[in-house]
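Q: Okay, here's the structure, questions in a sec.
The values are calculated or read from the model by the stated rules, or taken from the named source; none is laboratory data. Source: prediction; values computed, not measured. With ideal geometry, Cβ positions are generated from the backbone for all residues, glycine too; neighbour counts draw on all protein chains shown.
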Amino acid sequence: MKTITFSVRFHQPFLVRSGLARGGVDSVARIDAPLPASSLKGAMRAASVQVLEIPDALVNAIYGRSGEDGEASKQGAWAWTDAGPSDAFVRQVRVRNRVDPTSGVALAEALTFSEEYWHRTEQTVTFCVEQIRVLDASTLDQHVLAIQAASYAVTALGSWRNRGMGAVTIRPIEPLDRLAERGEELR
């Protein structure tokens, strides 16, 4: 079974929310896994669909699909790991002004406190995508190419990524061009 390892380079802080409240902090960061597998998988799936426009059948084969109209959900052929090591991140609190969503103007006396993670630049952060289903050689190459291409298309992770936070560069340890030389196509 194949394992694809990726490195993550952080250009600014990021936040993957825990969904829990804590002592005066409005947006609490996850403590157990600062950058969980589910966030990485979701970002790569979104990039596959929205940026790369990979066909649904291939996306569903790689990432899985949710059950619709009473159907059972189907797991994809690959599983993601959390990014780590977890001690590569430092959690801090940031204070922001709350902004009115309609006018875009800062609300008077409306401060929000949110946690965020900063990357310790001396440590390399990696995660893996592991094959969990047997695939024939041609399908395997196609999946690997699609997964690696998706990593290049991900530019931000976590909350507030659309507001200039969480910018990243994700690159496979085994370069994309090694598979592209084989001429495999996604369509």
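Q: One residue is enough: does the range 108-121 have a residue meeting the conditions modelled with pLDDT of 85 or more and among the aromatic types (Phe, Trp, Tyr)?
A: No, the range 108-121 contains no residue that is modelled with pLDDT of 85 or more and among the aromatic types (Phe, Trp, Tyr).
Q: Here are some conditions: (1) small (Gly, Ala, Ser); (2) modelled with pLDDT of 95 or more; (3) out of contact with any strand residue (DSSP E or B) (no Cβ under 7 Å at 6 or more places or on another chain). SER151 meets all but one. Which one does it not meet?
A: (3)
Q: Among the residues that make up the range 22-38, is at least one of them farther than 26 Å from ALA110 by Cα, within 10 Å of the chain's Cα centre (by Cα) and not in a loop (DSSP other than H, G, I, E, B)?
A: Yes.
Q: Those residues that are modelled with pLDDT under 70 and at positive phi, I need them from the range 1-23; list them, please.
A: GLY19
Q: With the condition kept exactly as written, say whether any residue in the range 49-65 is surrounded by 16 or more Cβ atoms within 10 Å (Cβ to Cβ), small (Gly, Ala, Ser) and modelled with pLDDT of 90 or more.
A: yes
Q: Here's a check for you: in the range 103-117, which residue that is surrounded by 14 or more Cβ atoms within 10 Å (Cβ to Cβ) and not charged (D, E, K, R) is farthest from ARG17 (Cα to Cα)?
A: Going residue by residue through the range 103-117, those that are surrounded by 14 or more Cβ atoms within 10 Å (Cβ to Cβ) are 112-117.
Within this subset, residues satisfying the condition of being not charged (D, E, K, R) are 112-114, 117.
Numbers: THR112: 14, PHE113: 13, SER114: 9, TYR117: 11 Å.
Only one residue fits best here, namely THR112.
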